[in-house]
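**Student:** Once you've had a glance at the structure underneath, I'll fire off some questions.
The values are calculated or read from the model by the stated rules, or taken from the named source; none is laboratory data. Since the model is a prediction, treat every value here as computed from it, not as a measurement. Please note: Cβ atoms are built from the backbone with ideal geometry, for glycine as well, and neighbour counts cover all protein chains shown.
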Amino acid sequence: MAAASATLPIAESGELSRLFGEHHRRVLLAAYRITGSMADAEDVAQAVFLRLANGGEVAMKNAGSYLYRSAINGALDLLRRRKSAATEPLDAAAEVASTGKESSPEEVASRHQLGRWLRQAIGELPPRAAEMFSLRYLEELGNREIAALMGTSQAVVAVTLYQARSKLKKRLTGIERGNR
């Protein structure tokens with residue numbers, strides 16, 4: 001009986017609206033930081049909440065973690081399907097607003113291209129490594145938080161991140177050389 005009360009069918013329990021209100025922004029921003037596209041992030045967030053509405057169950061004490069990880073995995077899946085999505089990150093506008101100086105068109109184009117290459121390379125990592133990399137470097141979580149969220153040890157997180165960084169560096173170097 002305890003196991004049955006630990007999870008609730010979201011659509012039947014009336015919890016969907018509450019979960020949406022509490023977690024939508026975090027889910028949306030997590031997906032945006034990975035995809036670099038607000039439209040894609042909105043699609044990912046919608047898919048996460050639709051799964052719950054269509055009979056999904058979630059442990060109520062871990063609902064936030066479940067939704068957050070679902071958003072990250074959904075965004076990574078989207079990147080893998082699209083391989084090289086053309087995006088316009090809002091980060092550049094925020095940078096100009098905060099520094100008060102504009103970048104040259106060449107600098108902006110270079111940043112956008114690097115962002116596209118990085119998203120493509122992250123999408124080529126093994127799923128668990130891509131998720132850990134995204135949590136660490138896009139979501140800025142610490143290794144301890146990642147380990148707890150993913151049910152593993154800090155040592156596994158550290159090794160996986162090291163290997164992911166090495167693969168990304170090699171891949172990005174190869175992409176850059178191919179475009180010169």
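**Student:** Please verify whether segment 47-67 includes one or more residues that are of a type in the set (Gly, Ala, Ser), surrounded by 18 or more Cβ atoms within 10 Å (Cβ to Cβ), at pLDDT 75 or above and within 16 Å of the chain's Cα centre (by Cα).
**Tutor:** Within segment 47-67, none of the residues are of a type in the set (Gly, Ala, Ser), surrounded by 18 or more Cβ atoms within 10 Å (Cβ to Cβ), at pLDDT 75 or above and within 16 Å of the chain's Cα centre (by Cα).
**Student:** Same structure, new question: For residue 3, indicate whether it is under 22 Å from residue 151 (Cβ atoms), small (Gly, Ala, Ser), modelled with pLDDT under 85 and surrounded by 17 or more Cβ atoms within 10 Å (Cβ to Cβ).
**Tutor:** Details: under 22 Å from residue 151 (Cβ atoms): yes; small (Gly, Ala, Ser): yes; modelled with pLDDT under 85: yes; surrounded by 17 or more Cβ atoms within 10 Å (Cβ to Cβ): no.
No, not satisfied.
**Student:** Pick out the one residue from 12, 22 that is in a helix (DSSP H, G or I), among the acidic types (Asp, Glu) and either within 13 Å of the chain's Cα centre (by Cα) or at pLDDT 85 or above (or both).
**Tutor:** Being in a helix (DSSP H, G or I), among the acidic types (Asp, Glu) and either within 13 Å of the chain's Cα centre (by Cα) or at pLDDT 85 or above (or both) holds for just one of 12, 22, which is 22.
Yes/no per residue for (1) under 18 Å from residue 33 (Cβ atoms); (2) in the same structural domain as residue 67 (by TED's automatic domain parsing); (3) of a type in the set (S, T, N, Q); (4) assigned to a helix (DSSP H, G or I):
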{"site": "129", "(1), (2), (3), (4)": "yes, no, no, yes"}
{"site": "135", "(1), (2), (3), (4)": "yes, no, no, yes"}
{"site": "144", "(1), (2), (3), (4)": "no, no, no, yes"}
{"site": "147", "(1), (2), (3), (4)": "no, no, no, yes"}
{"site": "152", "(1), (2), (3), (4)": "no, no, yes, no"}
{"site": "156", "(1), (2), (3), (4)": "no, no, no, yes"}
{"site": "163", "(1), (2), (3), (4)": "no, no, yes, yes"}
{"site": "174", "(1), (2), (3), (4)": "no, no, no, yes"}
